[in-house]
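Down below is the structure, laid out as structure tokens.
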Amino acid sequence: MKPTVLKRPVQRALQCFGFCAALSLPALSYANYTCELTNVNPWNNGYQIDVQVTNNGSSAITGWEVTLEFPNGADRTGGWNANFTDSGNRVSASSLSWNGNLSPGSSAYFGIIGNHSGDFIEPICSGSDDVGPTPTPTPTPTPPVTPTPPISPTPNPTTPTPTPPGSTPTPPPPTGAPGVRVDNPFAGVQWYVDPIWSAKASAEPGGDAIAGYSTAVWMDRIGAIEGPSDGDGMGLRDHLNEAVAQGAGLFTFVVYDLPNRDCAALASNGELRISEGGFERYKNEYINEIAQILSDAAYETMRIAAVIEVDSLPNLVTNLNEPDCQEANGPGGYVDGIRYALQELGKIDNVYSYVDIAHSGWLGWSNNFSASVQLIGDAVSNLGNGINDIAGFVSNSANYTPVEEPYLSNPDLQVGGMQVKSADFYEFNPYFEELKFVTDWRNAMIARGLPSNIGMLIDTGRNGWGGSGRPSGVSSSTNINNYVNESRIDRRSHRGNWCNQAGGVGYRPQASPYAGIDAYVWVKPQGESDGISDPNFEIDPNDPAKQHDPMCNPNEPSRYDPSVTTGALDNAPHAGRWYPEAFQVLIENAYPPL
């Protein structure tokens, strides 16, 4: 799919140099920081503004507050990465708990979106004691024409060539009449681009190369539906309204709030507990609220793809030794929760549900594969009369397993008298890649009685594995471990390492890359952390249940092999928070290169 380019025609650097004193932040008295509008993007009756706050002083600051003065009225409708207060033509933005500490020379970023009428005039950005320059009118530009993702023909089993960013073609026709379901919701329509993620990506070096692509929106707690109270994000309806404004025909989001969520790890622990009535809250406060919004007639011609509960059901296959997973395997647990979600979303004709199946490095062993087919197959079948079947399954969500291992195509190949799959890295798992794994999974599910048109999604956001460490051919070694380690593109020290790995941007989102695969998608937005690296962490105010998992600590041994480290990148924030260092690694290691 060619990216939808969010037009950024007006690059501004309006700075307020001075001593910015914030009344609500007495520790900031006379702190020297600047406020810069890095991206001003008006269109028709709307606008988006990205702001950079930089500490230009000689000492660290522990918080900041700036104001935006709009000559023609603010009419702010949303924002992210700051606390906001609106008063007439003024919008005040102050730091959150996690982005207020700025060392000399470092910066924080936030953004807002809103409505306007007539010519749009840039606001003056300033601290409480600053006076900015006189604004000048900016003509309202024509909204950008966005490209249509290509419908790829069924290729031979070779590595597909992704569609690079290019010229802007004519927009696609409308998606069709309400209530008419299609075989592949990703084909033939424009995909939604999250303006918050896009703005963050654009602000990073090299980020413009991917900022126009579609990423999934995560509903990872009840509060995310309305949008976080601290201003760090948009709510579900805000995103859908923005998708309508973009003319998008497809919106992808992640359902992710099961009770006892992430039962075998810590970094993404959820807010709901089964023992505390979590299942009822999941139904009434989470799924029902989402379904009500998605049912709005304003969105009935838009295809909505729902990724259902990442890494949930696979835990019931492999991690029942964990008490939380044992509880999740019972009443009001994962199966009940997912069935309820599928039943409620299945009543909405333009919603297409894809159930998560982890990845080949987790469920690839024959006993795991067969047990998962049975458990997950039972969970998604016989949902009831008048309820649409699931659209398919999604693999590799938020993970790093490559689509293909181009130099390790035969797991049974003998090297030095041993099968390739017997190498330490694969541990007799015959699936080295996602393509073969999802193909066999789809066939197994059809054999169980699911519709023959079910499709698969693969998250390719971080599994590119390019850069200087990528091999260029097959090893000549006769030692099985050396042969595998010198031939594999997956450069992790252990296949089970999942937290903030030094992967790379993978294949760009596109529809129908192979027969039976509905799309390559970016479920996990690049630049969002997998989990906090510091064991002595501060609580995330948006999601206090998130904890530190040792797999996110670069100094810890891997949980799955103590002889190697976790491979996690350092200085990582809580899961879902913006992590510029990781974003830069992913850009540098992109394959195909950007």
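Please specify each residue of region 399-422 satisfying the condition of being in a loop (DSSP other than H, G, I, E, B) and among the charged types (D, E, K, R).
Those that are in a loop (DSSP other than H, G, I, E, B) and among the charged types (D, E, K, R): Glu404, Glu405, Asp412.
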Would you check if there is a residue in region 125-135 being hydrophobic (A, V, I, L, M, F, W, C), farther than 30 Å from Phe186 by Cα and at pLDDT 80 or above?
yes
Spot the failing condition for Ser477; the list is (1) out of contact with any helix residue (DSSP H, G or I) (no Cβ under 8 Å at 6 or more places or on another chain); (2) more than 24 Å from Glu309 (Cα to Cα); (3) among the polar types (S, T, N, Q), and only one is missed.
(1)
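When residues of region 345-364 are filtered for being of a type in the set (A, V, I, L, M, F, W, C), within 22 Å of Glu434 (Cα to Cα) and either touching a strand residue (DSSP E or B) at 6+ places or on another chain (Cβ under 6 Å) or surrounded by fewer than 18 Cβ atoms within 10 Å (Cβ to Cβ) (or both), how many remain? Write out each step before concluding.
So in region 345-364, the residues of a type in the set (A, V, I, L, M, F, W, C) come out as 345, 348, 351, 355, 357-358, 362-363.
Retained after the next criterion (residues that are within 22 Å of Glu434 (Cα to Cα)): 355, 357-358, 362-363.
Cutting the leftovers down to either touching a strand residue (DSSP E or B) at 6+ places or on another chain (Cβ under 6 Å) or surrounded by fewer than 18 Cβ atoms within 10 Å (Cβ to Cβ) (or both) gives us 355, 357.
Matching residues across region 345-364 total 2.
Among the listed residues Asp540, Asp518, Asp561, identify the single one that is out of contact with any helix residue (DSSP H, G or I) (no Cβ under 7 Å at 6 or more places or on another chain) and within 22 Å of Glu427 (Cα to Cα).
Details: Asp540 fails: within 22 Å of Glu427 (Cα to Cα); Asp518 fails: within 22 Å of Glu427 (Cα to Cα).
The unique qualifying residue is Asp561.
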Those residues of region 400-420 that are crowded, with 17+ Cβ neighbours inside 10 Å and either over 25 Å from Tyr514 (Cα atoms) or of a type in the set (S, T, N, Q) (or both) come to a total of 3
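Yes/no per residue for (1) at pLDDT 90 or above; (2) more than 21 Å from Gly46 (Cβ to Cβ):
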residue	(1), (2)
Ala60	no, yes
Val66	yes, yes
Glu69	yes, no
Ala74	no, no
Thr77	no, no
Trp80	no, no
Val91	yes, no
Ser94	yes, yes
Asn99	no, yes
Please tell me if Leu37 is of a type in the set (A, V, I, L, M, F, W, C), within 24 Å of the chain's Cα centre (by Cα) and either modelled with pLDDT of 50 or more or surrounded by 19 or more Cβ atoms within 10 Å (Cβ to Cβ) (or both).
no
State yes or no: is Phe425 outside any strand (DSSP E or B), within 24 Å of the chain's Cα centre (by Cα) and either under 30 Å from Gln584 (Cα atoms) or at pLDDT 95 or above (or both)?
no
Where a residue in region 250-275 is on the phi > 0 side of the Ramachandran plot and touching a residue at least 60 places away in the same chain (Cβ under 8 Å) and its partner, wherever it lies, is outside any loop (DSSP other than H, G, I, E, B) and hydrophobic (A, V, I, L, M, F, W, C), with Cβ under 7 Å and at least six apart:
Asn260/Ile274; Asn260/Ala328
Tell me, which residue of region 363-398 that is assigned to a loop (DSSP other than H, G, I, E, B) and of a type in the set (S, T, N, Q) is farthest from the chain's Cα centre (by Cα)?
Asn385
Being out of contact with any Asp or Glu (no Cβ under 7 Å at 6 or more places or on another chain), surrounded by fewer than 24 Cβ atoms within 10 Å (Cβ to Cβ) and modelled with pLDDT of 95 or more, is that true of even one residue in region 540-547?
no
Scan region 192-218 residue by residue and report those that are part of a loop (DSSP other than H, G, I, E, B) and either without any contact (Cβ under 8 Å) to a residue 60 or more places away in the chain or β-branched (Val, Ile, Thr) (or both).
Val193, Ile210, Thr215
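Among the helices (runs of 4 or more DSSP H) contained in region 249-344, which hold 3 or more residues that are crowded, with 18+ Cβ neighbours inside 10 Å and modelled with pLDDT under 95? Steps first, please.
Numbers: elements: 278-281, 288-294, 315-318, 323-328.
Answer list for region 249-344: none.
Does region 429-457 hold any residues that are closer than 20 Å to Ile489 by Cβ and either aromatic (Phe, Trp, Tyr) or outside any helix (DSSP H, G or I) (or both), and which are they? It would help to see each step written out before you state the result.
Taking region 429-457 and keeping what is closer than 20 Å to Ile489 by Cβ, we get 429-439.
Once the filter is applied, which keeps residues that are closer than 20 Å to Ile489 by Cβ and either aromatic (Phe, Trp, Tyr) or outside any helix (DSSP H, G or I) (or both), region 429-457 yields Asn429, Pro430, Tyr431, Phe432, Glu433, Phe437.
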If only one of Gly461, Gly449 is surrounded by fewer than 18 Cβ atoms within 10 Å (Cβ to Cβ) and either within 15 Å of Thr401 (Cβ to Cβ) or in contact (Cβ under 8 Å) with a residue 12 or more places away in the chain (or both), which one is it?
Gly449
In the set Ala568, Ala545, Ala572, the lone residue that is of a type in the set (Gly, Ala, Ser), over 22 Å from Asp220 (Cα atoms), part of a loop (DSSP other than H, G, I, E, B) and within 22 Å of the chain's Cα centre (by Cα) is Ala568
For region 63-92, pairs from a residue that is without any contact (Cβ under 8 Å) to a residue 12 or more places away in the chain and within 24 Å of Ala203 (Cβ to Cβ) to a residue that is among the polar types (S, T, N, Q) and surrounded by fewer than 23 Cβ atoms within 10 Å (Cβ to Cβ), with Cβ under 6 Å and 6 or more apart or across chains, are Thr85/Ser92
For Ser493, which of the numbered conditions (1) within 21 Å of the chain's Cα centre (by Cα); (2) assigned to a loop (DSSP other than H, G, I, E, B) fails to hold?
(1)
Of the conditions (1) modelled with pLDDT under 85; (2) touching a Lys or Arg at 6+ places or on another chain (Cβ under 8 Å), the single one that Ser29 does not satisfy is (2)
With respect to Asp530, is the statement that it is crowded, with 21+ Cβ neighbours inside 10 Å and not aliphatic (A, V, I, L, M) true?
yes
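The values are calculated or read from the model by the stated rules, or taken from the named source; none is laboratory data. Model, not experiment: these values are computed from the prediction. Quick reminder, even Gly has a Cβ in these numbers, built from the backbone with ideal geometry, and neighbours come from all protein chains shown.
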